[in-house]
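Below is one structure, written out as structure tokens, with a few remarks after it.
Taken together, the values in this text are just the output of simple stated rules run on the coordinates, not laboratory data. Computed from a predicted structure; not experimentally measured. Because the Cβ atoms are built from the backbone with ideal geometry, glycine has one as well, and the counts that use them run over all protein chains shown.
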Amino acid sequence: MSFIRKLFSSVSDQNNKFADDQDDEAAIQSTTKTQNTSSNNGKSVFSSHNTETFKSTASNEHSRARTNNGEITTSTDEYDNTSRNYDTLTFTDDQLNRDLAENVTEDVASYHRSTISHRSAIPKFPDNKLTDEEKKYVAFCIEKLKKVEGVDSKKIQTIAQNCVLHDRFKYKFFNPATEMDQDIGFGGMGATNKRTKTGLRIKFVLTELDQSSHMRLLRRIGHTLNFTGDSQFGMFHTALIVGNWYVEWNDNSLAIVRKNSSSKAVFAFDLVIITKEADIHHCLDVIAKECCRWNGSVMYENRKANCQHFTQAVLEKIGIDFESKLKGAAKNYIERLKKYGVCDMTIDLTDKLKPLFKNVQSVTFKTHAELDMFYNTIKDALPSYFDVDEGKSDEILLKSFDRAFWLRKESSKASADDEPLRGSDNCCLCPFNQYEDVFKVYLEKNSVNSKYSLGNYLPEIPNR
């Protein structure tokens with residue numbers, strides 16, 4: 001499933017080999033002060049437009065795109081040595097505390113502008129340096145942070161400022177200089193090197209909830225979705241990958257950026273690659289401002305302000321229309337995510353499939369073997385079903401569920417439910433990964449990663 005979308009002046013294009021539009025040269029030379037968000041009916045836009053091919057990593061691991069040299073590369077970057085992998089997006093409170101409190105200081109006396117570097121912690125700003133709106137945002141965010149177990153009360157105001165003041169947010173969360181890994185710090189994501197091209201890659205991802213968030217949401221909405229405490233697996237939510245950073249809205253009502261983790265994404269959809277440094281600055285600025293708005297004024301609500309509402313809001317701000325391009329089962333799934341905030345492993349059946357499964361409206365998979373049998377039943381009865389648009393949409397979702405089972409099988413929480421369908425000789429009958437001895441390769445081939453650097457991008461050091 002692919003589609004063409006007009007977007008950034010510096011978006012990669014299969015035909016222009018990363019060439020820049022002539023009418024956009026001024027954007028490259030603009031200073032940081034002129035890289036502010038322009039608005040068109042309340043939506044952020046960039047100076048001019050090119051086209052970008054969007055593609056689903058989950059729908060076809062062999063989907064391809066052309067690089068700036070014209071060669072074909074797989075959209076999954078499985079051969080890229082600088083690839084990064086990621087973990088599930090929703091944090092336990094301990095993980096959340098580490099991400100919020102890392103590199104936070106209250107020692108104002110140690111802060112000297114003449115010696116500050118991009119690795120330095122920035123003390124909180126005095127109240128007289130904040131606007132009235134910023135003060136409201138900080139107070140609102142502090143109340144959220146008080147509900148996160150373990151947050152240091154001595155640092156809570158500084159943490160809140162980091163979450164709601166967009167200059168601090170960019171410095172705290174979108175700062176390659178603080179990355180310890182060479183692939184995403186200087187010489188990697190933070191600077192151009194011989195192995196990478198300059199670009200900011202944005203992906204839509206679907207991930208499994210961690211256990212603590214899973215149980216919190218079960219208590220909150222289990223009766224609505226008919227989920228029970230016995231549900232141990234298969235609840236998912238959405239987020240964005242921006243470069244090598246995860247950007248998510250979690251059930252603690254915090255829009256947080258996570259970095260340097262391993263992959264738990266079961267579905268990844270390439271949205272855009274921004275290749276001009278001026279536009280990279282601009283895009284990160286827009287995303288930071290929207291995250292700050294949510295942190296400073298929005299509470300998590302399953303039906304009005306869940307992860308999918310947040311994801312859609314961020315994409316709208318940077319001018320990407322994602323949901324209208326989805327079709328069939330994948331579209332229905334995303335719509336349920338927006339309605340409820342999470343979904344289990346349920347697929348709606350098309351009219352062609354209903355007669356094969358006793359005319360039920362949908363099927364929920366509790367085990368890996370059930371998923372494999374479902375796919376094989378369709379393939380046997382309707383051999384060409386997955387070759388048409390309707391079937392391709394179903395296959396995208398089924399591959400996502402399959403990947404989730406393989407990830408689960410690899411984890412310490414693996415159970416018999418995660419085992420694939422097997423034949424009489426114990427051979428693997430999973431239609432997506434018949435050679436289970438190489439399932440790690442299978443997971444890596446569909447992993448979420450980025451092979452682009454951010455050129456010379458660094459956020460400004462906050463100073464008021």
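Between residue 379 and residue 316, how high is the FRET efficiency from 1/(1 + (r/R0)^6) when r is the Cβ-Cβ distance and R₀ = 41 Å? Nearest 0.05. Show your work: numbers first, answer last.
Values: r = 38 Å, r/R0 = 0.93.
Rounded to the nearest 0.05, the efficiency is 0.60.
Can you give me the orientation-averaged projected area of the convex hull built on the Cα atoms of segment 238-327, in nm²?
On the way: hull surface 26.1 nm².
Orientation-averaged projected area of the Cα hull: 6.5 nm².
State, to one decimal in nm, how far the label point of residue 415 lies from the label point of residue 127, with both points 7 Å from Cα in the Cβ direction.
5.2
Can you give me the long-range amide H partners of residue 201? Hydrogens built in the peptide plane at 1.01 Å from N, cutoff under 5 Å, separation of 5 or more residues or another chain.
When sequence neighbours closer than 5 places are left aside, the close amide H contacts are 243, 274.
State, as an integer percentage, the relative contact order of segment 344-391 based on alpha-carbon contacts under 8 Å between residues 6 or more apart. Walk me through the numbers on the way to the answer.
Values: 29 pairs, mean separation 14.1, N = 48.
Relative CO of segment 344-391 lands at 29 percent.
In the structure shown, do any of 197/399; 203/276; 331/354 have a Cα-Cα gap over 24 Å, and if so which?
Working: 197/399 30 Å; 203/276 18 Å; 331/354 18 Å.
Beyond 24 Å: 197/399.
Can you tell me the relative contact order of segment 350-444? Whole percent, Cα pairs under 8 Å, sequence separation 6 or more.
Numbers: 75 pairs, mean separation 27.2, N = 95.
For segment 350-444, the relative contact order is 29 percent.
Can you compute the equivalent ellipsoid semi-axes for segment 345-433, i.e. the square root of 5 times each eigenvalue of the Cα gyration tensor, sorted largest first and rounded to whole Å?
Working: eigenvalues 104, 39, 30 Å².
Whole-Å semi-axes of the equivalent ellipsoid: 23, 14, 12.
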